[in-house]
1. Restricting to DSSP loop positions (anything but H, G, I, E, B) with no more than 15 other Cβ atoms inside 10 Å of their own Cβ, which GluC sites (Glu not before Pro) remain in region 388-468?
2. Please compute the contact order of the chain in relative form: average sequence separation of alpha-carbon pairs under 8 Å and at least six residues apart, divided by the residue count, as a percent.
3. Collect residues whose amide H, placed 1.01 Å from N in the peptide plane, falls under 5 Å from the amide H of R372; neighbours closer than 5 in sequence don't count.
4. Go through region 73-86 residue by residue and turn each phi into a ³J(HN,Hα) via Karplus (6.51, -1.76, 1.60, θ = phi - 60°); whole Hz please, and just put x for glycine and proline.
5. Assuming a ≥ b ≥ c are the square roots of the Cα gyration tensor eigenvalues, decide whether region 40-170 counts as rounded (a/c under 1.5), prolate (otherwise, with a/b larger than b/c) or oblate.
6. Largest first, how would Y157, Y386 line up by accessible area (1.4 Å probe)?
7. Taking the full set of protein chains and a 1.4 angstrom probe, give the accessible area of R127 in square angstrom, rounded to the nearest 10.
8. Given a 1.4 Å probe and every protein chain left where it sits, what share in percent of the accessible area of region 129-185 is carbon and sulfur?
Amino acid sequence: MTPVTSIEGALRDALPAAAFRELEPRYLEEPRGRYKGQGGLLIAPANTEEVSLAVKFAHAAGVPVVPYGGGTGLVGGQIAQDGIEPLIISLERMNAVRAIYPEENVLVAEAGCILQDLHTAVEKEDRLFPLSIAAKGSARIGGNLATNAGGLNVLRYGNARDLCLGLEVVMPNGDVWNGLTRLRKDNTGYDLRNLMIGSEGSLGIITAAALKLFPIPASEGTALFVVPSPEAATELLAMARSHMAEGISAFEIMHRQGWEFLQETMPELRLPYDEAPEWSVLTDVGLAKGLDPAEALETLFAEAFEAGIVTDGLIAQSEQQRTDLWNIRENIPEGNRRIGSISSHDISVPISRIPEFIREGNAAMAALGDVRVNCFGHLGDGNLHYNVFPAAGKSRADYEDLRPAVKSGVHDLVHAYNGSVSAEHGVGRLKVSDLEKYSDPVKLAALRAIKQALDPKGIMNPGVILRA
């Protein structure tokens, strides 16, 4: 491939001056500090036409292209740390909500829209866009779709893939695929929408999307349940589903270690217990008119307590209490970041096997050395964040030689449990070797064939998902 300097002059002649940005350090870094970009030319187009024009130049010259959303990705997909200096295309200026159709429950937005801004926009129309992640204040919807983000509400509403009706995409040769349909039924051949979602910029650049909206639940409730074990948590999930079915929006499991990290790094947070519970579950419910979430949660607590699967609990009595409870869960990733993990793992395991996996995983990590494990995540859909940390008083630098063994130990176990080593964060550059190691060979061959067919020059985010 050719360095971006070969087309810089032509780009500056073809695009307005406002499209060019200084390549600040933030565009070359990622949240965990494990990848650092080597440079390149940064542009921030104002519209799809400018993206298309830039990609056409890159395609003709064989220049690598790296799409950049909010920079919140945790697998290095937005950072090209080696190889030819790329053209970095940031979608930050493409942040318009093009249309809201409340009667259709559809939102059409550009890829650079910040997730939290979409929440605010549709709330004014008495609608809900349910995708919610810890980085919602800076993550952009194009990146959420490119990585098929999951988040807190997958149990009820699904992943990003399930929330998208149509896409507008700039293809590797610069052509624009106008697939921005608002239809819920369209059986006209291969589903390019689903192909682009989760492709992490390796098959094209998402520039806009038609997204599903939902009515805001008439009433919502939040409860924190203390449970004696992960087994009890899975039993509570089954019981909650029998009580409220699809009314459960989120069901999050948290271990004591996460609370202790918050106490250590963010003492200003309001925590409901002075002593962190060994295991707890945070659940959110949204019910239709005429149903009382607090009453439903109280009934659930009483039955679970009687069955011995809940030992204590709190049901939020105000919006502030709901916020305080969710602040615990939503700040766990930040607490983790401040401690600094040896190795972090975004995994999924069949729900019924999660307790067994946690026991075996913890034993395997203890056998490797003096470490702390913070296991938390979306129990309702089987997605755990299983992160391994240094012992108290040590830093992750003290464990760099142990990191490969930790990662392979966790991922080998996930594979043995018929799970996935990438549940919701994507493959990026971090897990390319994992994909090669654990994926079905027929699937890998199909992925490579698709990449070759759509991007024969290999310019789109080279090194992401598939080895460059």
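1. Details: sites: E400, E424, E436; in loops: E400, E424.
Passing sites in region 388-468 are E400.
2. Details: 964 pairs, mean separation 73.1, N = 468.
Relative contact order for the chain comes out at 16 percent.
3. Here the answer is F389, A391, since their amide H atoms fall under 5 Å of that of R372.
4. With coefficients 6.51, -1.76 and 1.60, one gets x, 10, 10, x, x, 9, 10, 9, 8, 8, x, 6, 4, x Hz.
5. On the way: a/c = 2.39, a/b = 1.66, b/c = 1.44.
It comes out prolate by the Cα gyration axes.
6. On the way: Y157 30, Y386 0 Å².
Order by accessible area, largest first: Y157, Y386.
7. For R127, the solvent-accessible surface is approximately 50 Å².
8. Summing carbon and sulfur atoms, their accessible area is 46 percent of the total for region 129-185.
The values are calculated or read from the model by the stated rules, or taken from the named source; none is laboratory data. Note that the structure is predicted; figures quoted are calculated from it, not measured. We place every Cβ from the backbone using ideal geometry, glycine too, and count neighbours over all the protein chains shown. Areas reflect the complete protein model, heavy atoms only, side chains present, ligands, DNA and RNA absent. Shrake-Rupley method; radii C 1.70, N 1.55, O 1.52, S 1.80 Å.
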